[in-house]
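For reference, the structure is listed below as structure tokens.
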Amino acid sequence: MNILGLPQKETKENIELLNTLLSNFQVYYQNLRGLHWNIRGKRFFDLHVKFEELYNQAQLRIDEIAERVLTLGGVPLHTFEDYLKNNKLAIAKNVSTDEEAVNVIIKSLSDLLVIEREILDKSDEINDEGTNSMMSDLITEQEKDIWMMQAFLG
């Protein structure tokens, strides 16, 4: 057991999964920045503001995930090389139309949910309530974001 009362081997595995999530959140964040900068069209004003809200929210989540890695005794990944090596999200390059941008967000959030649910299952198995709670909050938040983005698309 580690200092938190969690099994070391399984905690190390969860740290690796959290680092994968961290990497993917960094790519999601950068995608959002690009969408914010490059959005065009009649919905520009609404989406420009919404994308900024989402990237600010993602930046907070990135910090929380990195801090959880540290709390569990790990080292958060912090290089672009590591982020890209662990990334599972599509890279949104030169996306400027409203529907394409919103679909990028929906797909990214759906892919993040897969990673988060895996972490949730693993953290639940070892009674890691801190990680479990974090994943539950992320999942709830992102499911709502997906619903709102789908509502936007009609």
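No lab work stands behind these numbers, since they all come straight from the coordinates. Not measured: the values here are computed from a predicted model. Backbone-built Cβ (ideal geometry, glycine too); neighbour counts: all protein chains shown.
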In the stretch 32-69, anything surrounded by 13 or more Cβ atoms within 10 Å (Cβ to Cβ), in a helix (DSSP H, G or I) and of a type in the set (A, V, I, L, M) is listed as 32, 35, 47, 54, 58, 62, 65, 66, 69
Tell me which residues, restricted to the stretch 80-115, are assigned to a loop (DSSP other than H, G, I, E, B) and over 24 Å from residue 48 (Cβ atoms).
-> 87, 88
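Conditions (1) within 18 Å of residue 38 (Cα to Cα); (2) in contact (Cβ under 8 Å) with a residue 24 or more places away in the chain; (3) crowded, with 18+ Cβ neighbours inside 10 Å, marked per residue:
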site: 78; (1), (2), (3): no, no, no
site: 81; (1), (2), (3): no, no, no
site: 85; (1), (2), (3): no, yes, no
site: 94; (1), (2), (3): yes, yes, no
site: 104; (1), (2), (3): yes, yes, yes
site: 110; (1), (2), (3): no, yes, no
Would you point out the residue of the stretch 124-140, among those that are under 17 Å from residue 15 (Cβ atoms) and of a type in the set (Val, Ile, Thr), that is farthest from the chain's Cα centre (by Cα)?
-> 126
